[in-house]
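Working notes, beginning with the structure itself.
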């Protein structure tokens with residue numbers, strides 16, 4: 001399993017798209033959420049708050065977290081199992097909280113994207129996001145810290161600065177190299 005993590009607008013979705021295009025063995029794991037749909041959504045399953053809370057109670061989620069505006073996000077165990085059974089490798093896009101849960105439970109390869117500077121990420125949030133802008137900016141100081149928790153952290157301004165290193169890591173994780 002490969003997990004991509006990092007703060008809002010750091011490039012997680014862009015990296016996921018690149019990896020999916022390059023490595024057909026990868027399969028994007030849909031996140032479960034209670035938030036409203038957006039036009040740029042990559043891969044989500046939408047539940048009501050009641051349905052999500054039932055998943056928590058029934059221990060059906062590898063990870064879950066309440067994020068902006070009280071919306072829940074999580075990943076279902078059964079989705080990961082189905083992907084493995086199909087012979088594919090799960091690719092998860094999540095925040096640091098979710099990545100830490102995956103690391104503690106499943107020991108995946110985690111790619112942690114950290115911005116080189118806060119000002120650039122704040123600019124990206126203001127220019128590329130339409131929802132919860134101030135909440136996202138307020139959470140940056142916690143989200144962009146590289147506390148050394150993740151083994152594979154890439155500090156970048158733009159994704160292309162370190163894409164070859166990320167490809168190399170993914171290929172080693174997939175057993176290609």
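The values are calculated or read from the model by the stated rules, or taken from the named source; none is laboratory data. Note that the structure is predicted; figures quoted are calculated from it, not measured. Here the Cβ is made from the backbone with ideal geometry for all residues, glycine too, and neighbour counts use every protein chain on show.
Brief remarks on what is shown
- Residue that is surrounded by the most Cβ atoms within 10 Å (Cβ to Cβ), among those in segment 98-122 that are without any contact (Cβ under 8 Å) to a residue 60 or more places away in the chain and not in a helix (DSSP H, G or I): 116
- Scanning segment 8-35 for residues that are under 17 Å from residue 70 (Cα atoms) and touching a residue at least 40 places away in the same chain (Cβ under 8 Å), we see that the one that is surrounded by the fewest Cβ atoms within 10 Å (Cβ to Cβ) is 33.
- Scanning segment 128-177 for residues that are on the phi > 0 side of the Ramachandran plot, modelled with pLDDT under 85 and either exposed (fewer than 13 other Cβ atoms within 10 Å of the Cβ) or part of a helix (DSSP H, G or I) (or both) yields a single hit, 148.
- As a summary of the residue check, residue 83 satisfies the conditions (1) at pLDDT 95 or above; (2) within 17 Å of residue 101 (Cβ to Cβ) except for the one numbered (2).
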